[in-house]
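FYI, it's all coordinate maths here, none of it is from the lab. Not measured: the values here are computed from a predicted model. Cβ placement follows ideal geometry from the backbone for every residue including glycine, while neighbour counts extend to all protein chains displayed.
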Amino acid sequence: MDPKVDKKEVYRFSLMERIAHGTHGIAFVVLLFTGLAMILTSFQPAMKILGGINVTRDIHHIGGAVAVAIVVVGFVLEPKFRGWITYSLKFNKNDFEHIKGFPVELLGGHSPYPPQGRFNGGEKMNILLMFVSCVVIAITGFIIWFPAVFPQWLVQWSYPAHSGFALLLAAVFLMHFYLGVLHPDSNRALKGVITGWVSAKFAREHYQQWYDEVAEKEPERIREVK
């Protein structure tokens, strides 16, 4: 291990990745609260503040369009963005070993696991759940938005599917927020989605395989810090 790793940072996320991550997060919060305002009476005071059901629905539609558009923009503007999604949805033996010990990590402990790639097994599972949920929500949301275009039975089934996967995504989002912001160890990754840079020590502890590959093939992505 590099003895100077404590004094180094590694460039983890590009500007496009950070913009997409932040925009998607904000859009999801808007979608969640406007969606809840339209289906739960306990959230209806919020709907009144926004200006009523029609305004709330319009905001919900705009939020959905933004969430889809930022992914499309990422695919078009940055080829590595496509590779990021493809890589995240491929699991190997080391990923499953990490997933087995993930509950211990979630509770603040540490369970030994094999060297991980750019995203560890737990993060890949998080991305998989988010990806599937977002695809279902986007498709059913489009069907609900334009019901006259689709068969009635499909529209009817789209409502529970849309709500169910939205609740699943909300649970995944809350866990993601906890790990990224509140967890005493993994919250060191937060700097990466803001500035792009993370501690080299943190990267090597959690993504050893990826860090070693960067150090060997892209050393310009590692810098000294004072």
(request) Rounding to the nearest 20 debye, state how big the charge dipole of the chain is about its Cα centre with +1 on each Lys and Arg Cβ and -1 on each Asp and Glu Cβ. (result) 200 debye
(request) Give the total of Lys-Lys pairs in the chain with Cα-Cα distances below 15 Å; include a pair only if its members are 8 or more places apart or on different chains. (result) 12
(request) Determine the calculated [θ] at 222 nm for the chain from helices alone, applying -39500 (n - 2.57) to every DSSP H run no shorter than 4 residues and normalising by the residue count; nearest 500 deg cm²/dmol. (result) -22500 deg cm²/dmol
(request) Give, in nm to one decimal, the length gained when the segment between residue 93 and residue 223 is fully stretched (0.36 nm per residue of separation minus the Cα-Cα distance). (result) 43.7 nm
(request) Mind giving me the FRET efficiency for residue 191 and residue 159? R0 is 41 Å, r the Cβ-Cβ distance, nearest 0.05 is fine. (result) 0.55
(message) Given a Förster distance of 35 Å, report the FRET efficiency between residue 177 and residue 216 from their Cβ-Cβ distance, rounded to the nearest 0.05.
(response) 0.55
(request) With unit charges on the beta carbon (Lys/Arg positive, Asp/Glu negative), name the residue among 52, 159, 148 whose Cα is farthest towards the positive pole of the charge dipole of the chain. (result) 52
(message) If R₀ is 30 angstrom, what is the calculated FRET efficiency for the pair residue 14 and residue 106, using the beta carbon separation as r and rounding to 0.05?
(response) 0.60
(request) Kindly express, to the nearest 10 degrees and within the range 0 to 90, the angle between helix 208-217's C-alpha long axis and the longest C-alpha principal axis of the chain. (result) 70 degrees
(request) Label the range 115-226 by shape, choosing from rounded, prolate and oblate, from the square roots a ≥ b ≥ c of the eigenvalues of the Cα gyration tensor; if a/c is under 1.5 it is rounded, and otherwise prolate applies when a/b is larger than b/c, oblate when it is not. (result) prolate
(message) Can you match Rg/Rh (Cα atoms, Kirkwood Rh) to one of these, (i) 0.93; (ii) 1.03; (iii) 0.99, based on a calculation from the structure here?
(response) (ii)
(message) What is the angle, in °, between the Cα long axis of helix 53-77 and the longest principal axis of the Cα atoms in the chain? Nearest 10 is fine, range 0 to 90.
(response) 40 degrees
(request) Give me the angle, in degrees from 0 to 90, between the Cα long axis of helix 15-39 and the longest principal axis of the Cα atoms of the chain, rounded to the nearest 10. (result) 30 degrees
(message) Below 8 Å, C-alpha to C-alpha, sequence gap of six or more: please give me the relative contact order for the range 100-226 in percent.
(response) 29 percent
(request) Give the distance, in whole Å, between the Cα centre of the range 1-41 and the Cα centre of the range 106-141. (result) 13 Å
